[in-house]
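The values are calculated or read from the model by the stated rules, or taken from the named source; none is laboratory data. Small disclaimer: the values here were computed from a predicted structure and weren't measured. So basically every Cβ, Gly included, is an ideal-geometry build from the backbone, and we count neighbours across all protein chains shown. Surface accessibility is based on the protein's heavy atoms, side chains included, excluding ligands, DNA and RNA. Shrake-Rupley method; radii C 1.70, N 1.55, O 1.52, S 1.80 Å.
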Amino acid sequence: MDLVLKNTRPFGHDDALADIGIANGRIAAIAPTLDADGPAIDLRGNLVAPGLVETHIHLDKTCIIERCRAEQGTVAEAVEQTAAAKRAFTEADVYARAEKTLQKCLKNGTMLMRTHVEIDPGIGLTGFDAIRALARDYAWAIDVEICVFPQEGLINNPGTDVLLAECLKQGAQVIGAVPYTDSDPRGQIDRIFDLARAFDVDIDMHLDLGDTPDGMQIGYVCDKTEQFGYGGRVAVGHVTQLSTAPSSQFLEIARRLGEVGVAVTVLPSTDLYLTGRRQEHSVLRGVTAAHKLLDHGVNCSLSTNNVLNPFTPFGDCSLVRMANIYANICQVGSANDTRECFNMITTRSAKLLNLKDYGLEVGKPADLAVLDAESPEQAVAELAPVLYAFKRGRRTVTREPAVLHRPA
């Protein structure tokens, strides 16, 4: 063995104590006791999980809050302010800001990521080139997948589709969409499906932000997914309008999502921050109940979205914090649902990204996060910090736990 992690509680193994052996970057053994013929670390009963998975973040426009105004807290203001700030973006600037945020993600146990990158005639491929370089430079610690998308519209923004196609030619793995910013929302959805099929890539859309259930496009996305046999390859993020739907409508949409294989990503911090801005009392939370969608066969993830920009002026890049925020907002109480909150930043997120080589099993990559907790439920409830991270068996993060110094 290259390394043995002693006295761990491996995620998905009934929370029982076990040792984890690592060899050649992969999990070689999981057993009650393993002889260490090499280095060993005693984890003292702490939880070991597969690397945390960020399904939806925006590295290219992170850390620009000091360049923007965030007074109204609306989607329209955020799009306008970000569009103005983008005019001054350079590849070096995007790289530096994104690197700062990526390092925070790493320190919080994230080892696999899908980042959305804005593409349009104004910014060109600047963001794409910067994030692609960053992904290469940090491949030792994280696998980064790039989803290119038209934040400012597609049908109403001529030339954007040509740039999206160029990114896909150059290796972007996913294509995204933002129908609600376009002059023709369904026209954009149609075009995105066309591009996805032409380049054989998955789809991840921003969808249905609003304070009422009126005018949702989720049904149309389900229809297109079924039409083209794209089940399991389409995800939608936000869907805050679904949180406002009556129970009968919510149930109907949940069943439809499950039938056709459209996944949902809930972004607790942004969804909470942007929703209900026109209300003076009983303000909407805007966070769709993902754990209730799971009951209908819908795969769901929880993710960060924006960090320190007009869409979300906060954030420390902790997915455990996102799970905790979600659990509070959506009033999660049962142990099973709390564990599902942890699943939605690990195994369910990996499934959404169609990751085949993932999990805490013998033969899988040794991408491991050690949390200061004994169970997933405790990790979510108590905001457990990540003490160690290992990427392909190599330690990438160490955090010393806080210590009380009693008086002599």
Going by the structure shown, is T33 part of a loop (DSSP other than H, G, I, E, B) and closer than 22 Å to K364 by Cα? yes
When you go through I189, I155, I131 one by one, which is the residue that is among the hydrophobic types (A, V, I, L, M, F, W, C) and either on the phi > 0 side of the Ramachandran plot or surrounded by fewer than 21 Cβ atoms within 10 Å (Cβ to Cβ) (or both)? I155
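This table checks each residue for (1) touching a residue at least 40 places away in the same chain (Cβ under 8 Å); (2) under 21 Å from L319 (Cβ atoms).
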| position | (1), (2) |
| --- | --- |
| T8 | yes, yes |
| A28 | yes, no |
| L34 | no, no |
| V48 | yes, yes |
| I64 | yes, no |
| G73 | yes, no |
| Q81 | yes, no |
| A84 | no, no |
Could you check region 340-362 and list, in sequence order, the residues that are open to solvent by 40 Å² or more (accessible area, probe 1.4 Å), within 23 Å of N24 (Cβ to Cβ) and in contact (Cβ under 8 Å) with a residue 24 or more places away in the chain? L355, E361, V362
Would you tally the residues in region 10-20 being surrounded by fewer than 23 Cβ atoms within 10 Å (Cβ to Cβ) and in a strand (DSSP E or B)? 3
Filtering region 111-157 down to residues that are closer than 27 Å to E80 by Cβ, of a type in the set (S, T, Y) and not in a helix (DSSP H, G or I) yields T115
Which count do you get for residues in region 307-332 that are touching a residue at least 40 places away in the same chain (Cβ under 8 Å) and open to solvent by 10 Å² or more (accessible area, probe 1.4 Å)? 15
Given the residues L112, L47, L43, L106, which is the only one that is closer than 24 Å to S301 by Cα and open to solvent by less than 10 Å² (accessible area, probe 1.4 Å)? L47
Scan A408, A402, A381, A335 and give me the residue that is closer than 14 Å to H291 by Cα, without any contact (Cβ under 8 Å) to a residue 60 or more places away in the chain and either of a type outside the set (F, W, Y) or open to solvent by less than 70 Å² (accessible area, probe 1.4 Å) (or both). A335
